[in-house]
Amino acid sequence: MAVVQTSTASDRDLYPSRTYPEPVKFSRQDPVVYSDSQKAAPLTKAQLAEYEEKGFLFLDDIFGPEELSSLIREMKSMCLDEAIKRRPETITEKGSGEVRSVFSVHQLNKVFAKVAEDPRLVAVAEYILGDSVYIHQSRLNCKPGFEGKEFYWHSDFETWHTEDGMPRMRALSMSITLTPNDHNNGPLLLIPGSHRSFISCVGETPKDHYLSSLKQQEFGIPDQSSVADLIEQGGIETAVGDIGRIILFDCNTLHGSNGNITPYPRSNLFFVYNALSNKVSQPFASNSIRPEFIGARHSIKPIKSVIFN
């Protein structure tokens, strides 16, 4: 695999992907943590250091029992709602037809909308990204028991960059677990340190790729050799934990999950916070624009600032 240093990237596209006939590894050209003052830091120095080193961090005890009970009720209601299943925002499992994900839940559900703008979450996103933020994407992942399919290793940024036009690595995700996550029910797997490298994927983006990729991704996934090298360097960490754990991870951290063949679902509420200065433009490697419910383009609403005025 070729390794490209910072100075060789073009001014327009700092992270080219789906354009080369073979995988190319680029050095990350953006900070991981954009703020450096401890005065308004919502995380400790140790937590920020861990996030910067690994590309992810687990946060516990943010939500109380009553808050979690409310979220769980809403999650169960949406996952079983036949009307929700028929909406375009809903992605079903390939084969079974069970709900896999419901997108744009912060616009479909008032309870989830309130959580998306919760100052406890927004403060963390604003500090790490060093800017006011908005929701680029939100979704409820249901991953039902017995039927929940695997999701191959990938960098979210690679997709958001190539298919949505997100220019820089200045976004992060927060996954709030709404069911126990153990080693058996298909938990999230993360590769520590993988956020430091950008793996350019092979293969031209098909038209309306999202229609198939959200069920099973075949394009925009890194090659096996690159994944093996990153795992050799950083290992694999499994995001297990009780209900309410928040998995905070950088947009470029490689992650995936195994299938769920247990009777127990693995559900989570998922918010993507993007810096206001990092709004999407034209896709870097796609001829079509993904729907608004998958990547905010016109409905960008800055969240009321916690840190920035």
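The values are calculated or read from the model by the stated rules, or taken from the named source; none is laboratory data. Remember, it's a predicted structure, so these values are computed and weren't measured experimentally. Cβ placement follows ideal geometry from the backbone for every residue including glycine, while neighbour counts extend to all protein chains displayed. Ligands, DNA and RNA are stripped out before the accessible areas are found, and what is left, the full protein with its side chains, is counted by its heavy atoms. Shrake-Rupley method; radii C 1.70, N 1.55, O 1.52, S 1.80 Å.
Working out 0.36 nm times the residue gap between Glu232 and Tyr20, then minus their Cα-Cα distance, what length gain in nm do you get to one decimal?
73.9 nm
Restricting to Cα pairs below 8 Å that are 6+ residues apart, what does the relative contact order work out to for the range 1-137? Please round to a whole percent.
Relative contact order of the range 1-137: 23 percent.
So what is the calculated 222 nm ellipticity per residue for the chain, using -39500 (n - 2.57) for each DSSP H run with n of 4 or more, over all residues, to the nearest 500 deg cm²/dmol?
-6000 deg cm²/dmol
Between rounded, prolate and oblate, where does the range 72-154 land on the alpha carbon gyration tensor, with a ≥ b ≥ c its root eigenvalues, rounded for a/c under 1.5, else prolate if a/b exceeds b/c?
The shape class here is prolate.
Mind listing the Cα extents of the range 10-108 along all three principal axes, in Å, largest one first?
Rounded to whole Å, the extents work out to 46, 46, 22 Å.
What is the spin-label model distance, in nm, from Gln47 to Ser70 if the labels are put 7 Å beyond Cα along the C-beta direction?
2.1 nm
Which whole-number percentage describes the relative contact order of the chain, with Cα contacts under 8 Å and a sequence gap of 6 or more?
Result for the chain is 31 percent.
Please list His255, His106, His298 from largest to smallest accessible area, probe radius 1.4 Å, with all protein chains kept in place.
Most to least solvent-accessible, the answer reads His298, His106, His255.
Could you tell me the calculated FRET efficiency between Asp36 and Ser305, based on Cβ-Cβ distance and R0 = 22 angstrom, to the nearest 0.05?
Efficiency computed from Cβ-Cβ geometry: 0.75.
Specify the longest stretch of the chain that does not include any exposed loop site, a site being one of the chymotrypsin sites (Phe, Trp or Tyr not before Pro) with a non-H, G, I, E, B DSSP assignment and at most 15 other Cβ atoms within 10 Å.
147-307
Add +1 for every Lys or Arg and -1 for every Asp or Glu among the other residues with Cβ under 15 Å from the Cβ of Gly165, and state the total.
+1
What length, rounded to one decimal in nm, is gained on full extension from Glu117 through to Lys207, with 0.36 nm per residue of separation minus their alpha-carbon distance?
29.1 nm
Residues in the range 266-284 near a label at Ile62, defined as backbone nitrogen under 14 Å from the 7 Å Cα→Cβ point?
Residues 268-274 fall inside that zone.
Would you please give the FRET efficiency between Glu292 and Lys94, computed as 1/(1 + (r/R0)^6) with r the Cβ-Cβ distance and R0 = 30 Å, to the nearest 0.05?
With R0 = 30 Å, the Cβ-Cβ based efficiency is 0.80.
In percent, how large is the relative contact order of the range 102-190, given Cα pairs closer than 8 Å and 6 or more residues apart?
It comes to 25 percent, rounded to a whole number.
Just Ala285, Ala83, Ala125 to compare: in a GNM of the chain, with alpha carbon springs under 10 Å, which one fluctuates most?
Highest fluctuation of the listed residues: Ala83.
Rounded, prolate or oblate: which one fits the range 97-211, using the alpha carbon gyration tensor with axes a ≥ b ≥ c (rounded when a/c is under 1.5, else prolate when a/b beats b/c, else oblate)?
rounded
When the gyration tensor of the range 164-309 is built from Cα positions, what are the square roots of 5 times its three eigenvalues, in whole Å, from largest to smallest?
Here the semi-axes work out to 25, 21, 17 Å.
With the chain treated as a Gaussian network of Cα nodes joined by springs under 10 Å, which of Asn260, Asn109, Asn252 yields the largest mean-square fluctuation?
Asn109
Roughly speaking, what is the centre-to-centre gap between the range 9-54 and the range 105-164 when only Cα atoms are used, to the nearest Å?
Between the Cα centres of the range 9-54 and the range 105-164 lies a distance of 18 Å.
Are there cysteines in the chain with no second cysteine's Cβ under 4.7 Å away, and if so, which?
By the Cβ distance rule, which asks for a partner under 4.7 Å, the isolated cysteines are Cys201, Cys251.
In the neighborhood of Asn141, defined by Cβ-to-Cβ distances under 10 Å, what is the net charge if each Lys or Arg adds +1 and each Asp or Glu adds -1?
Once positives and negatives cancel, what remains is +4.
Under a straight-distance cross-link criterion of Cα-Cα below 30 Å, which lysines are reachable from Lys149, leaving out those fewer than 8 residues away in the same chain?
Qualifying lysines at Cα under 30 Å: Lys25, Lys54, Lys76, Lys85, Lys94, Lys110, Lys114, Lys207, Lys215.
So which residue, out of Lys94, Lys45, Lys54, gets the largest mean-square fluctuation from a GNM of the chain using Cα contacts under 10 Å as springs?
Greatest mean-square fluctuation among the candidates belongs to Lys45.
Where in the range 257-283 does the label zone of Leu80 land, with the point 7 angstrom along Cα→C-beta and an amide N cut-off under 16 Å?
Residues 264-267 qualify, since their backbone N sits under 16 Å from the label point.
Kindly state, as a whole number, the per residue volume in cubic angstrom of the convex hull around the alpha carbon atoms of the chain.
Roughly 130 Å³ of hull volume per residue.
Give me the net charge for the shell around Ala123: Cβ to Cβ below 14 angstrom, other residues only, Lys and Arg +1, Asp and Glu -1.
Residues near Ala123 contribute -1 overall.
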